[in-house]
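Each remark here refers to the structure printed beneath this line.
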Amino acid sequence: MMEATKQKAHKKRQAGTKAIKKKKRDKKGKENEEAEDQRNPKAFTYRSAIRAARSKRRTLDISEKRNRLPQVDRTPIEPPPVLIAVVGPPKVGKTTLINGLVKHFTHHTVSKNQGPVTLVSGKKRRITFIECNNDINTMIDIAKVVDLVLLLVDASFGFEMETFEFLNILQTHGFPRVMGVLTHLDMMKKNKNLRRLKKKLKQRFWTEIYQGAKLFYLSNIRHGQYMKNELHNLGRFISVTKFKPLDWQSSHPYLIADR
Ligand SMILES: Nc1nc2c(ncn2[C@@H]2O[C@H](COP(=O)(O)OP(=O)(O)OP(=O)(O)O)[C@@H](O)[C@H]2O)c(=O)[nH]1
């Protein structure tokens, strides 16, 4: 008969490397348990409101500082002429306005307007007027280099799709200054309607640009020319307007060519 052999019971090691290792492991496990007890149940939130406020303030300070980095004005000592684009749908009065402004600044009458016109508007300022047609390629080209936009709007028609499109294009290259000009106001017969229309268009213009954006009214046309005092007002604004250096323009050299 085979007698069942009695096996030896396992004897824990008391000394040696294995025993030391095991002891260490057990100790670590206990520590971990303790750490778990202390752990913040609201993980990933702040424990202290003061510290939270401080850290929030610091991140805001840093981002604000980044926003307010001084912009380097790279315009040369003798700057190039200020480029003013006259933008608007066909037959809105772009050519008439350019001719009127040229007459205001130079006292010369332009018989035929072909391409950009550059003139001296003050002791240290030259300006170039350029007409921007309603086609998307011209709009994109001009949006990159323009300093001031005269946005012509036919008041008897209202804003057109292309006007908004142009404003969107402007945003891509840093928004230059935009002034609105309402024409064809003489088409409105009733004074009350005219006032209401002006107000409506102004509100629409302000929501598109910013509250308080400059909007001019060219209320009448006589002998194919706008009123002298209105042109004078617009011309004065053009000559005193200050332009901020645009990031895109100062980092890209450009040349204006008339096609
Ligand atoms: N009644 C009236 N007619 C205007 C007004 N502004 C312009 N016009 C007339 O509209 C016509 C077109 O004027 P333009 O200056 O040639 O218009 P434009 O935007 O240069 O036209 P395109 O070069 O074809 O895009 C002219 O006959 C102007 O006399 C306005 O405020 N009232």
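Laboratory data are not the source of any read-out in this text; all were calculated from the coordinates shown. Since the structure is predicted, the reported quantities are computational estimates derived from the model, not experimental observations. Cβ coordinates were reconstructed from backbone atoms using ideal geometry, including for glycine residues, and neighbour counts include every protein chain displayed.
Below are the figures for this structure:
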quantity: Which numbered condition Thr138 misses (of (1) assigned to a helix (DSSP H, G or I); (2) among the hydroxyl-bearing types (Ser, Thr, Tyr); (3) over 22 Å from Gln249 (Cβ atoms)); calculated: (3)
quantity: Pick from the range 131-152, criterion within 15 Å of the ligand (Cβ to nearest atom) and under 19 Å from Thr241 (Cβ atoms), ranking: surrounded by the fewest Cβ atoms within 10 Å (Cβ to Cβ); calculated: Cys132
quantity: Enumerated helices (runs of 4 or more DSSP H) restricted to the range 170-259, each holding at least 3 residues that are farther than 22 Å from Leu97 by Cβ and under 23 Å from the mean Cα position of the chain (by Cα); calculated: 247-251
quantity: Candidate set: the range 110-125, residues that are of a type in the set (Gly, Ala, Ser) and away from the ligand (no atom under 16 Å from the Cβ); chosen: the one surrounded by the most Cβ atoms within 10 Å (Cβ to Cβ); calculated: Ser121
quantity: Residues satisfying the stated conditions in the range 40-96, i.e. in a helix (DSSP H, G or I), surrounded by 11 or more Cβ atoms within 10 Å (Cβ to Cβ), away from the ligand (no atom under 16 Å from the Cβ) and hydroxyl-bearing (Ser, Thr, Tyr); calculated: Ser55
quantity: Hits in the range 97-109 - residues which are outside any loop (DSSP other than H, G, I, E, B), within 15 Å of the ligand (Cβ to nearest atom) and polar (S, T, N, Q); calculated: Asn99
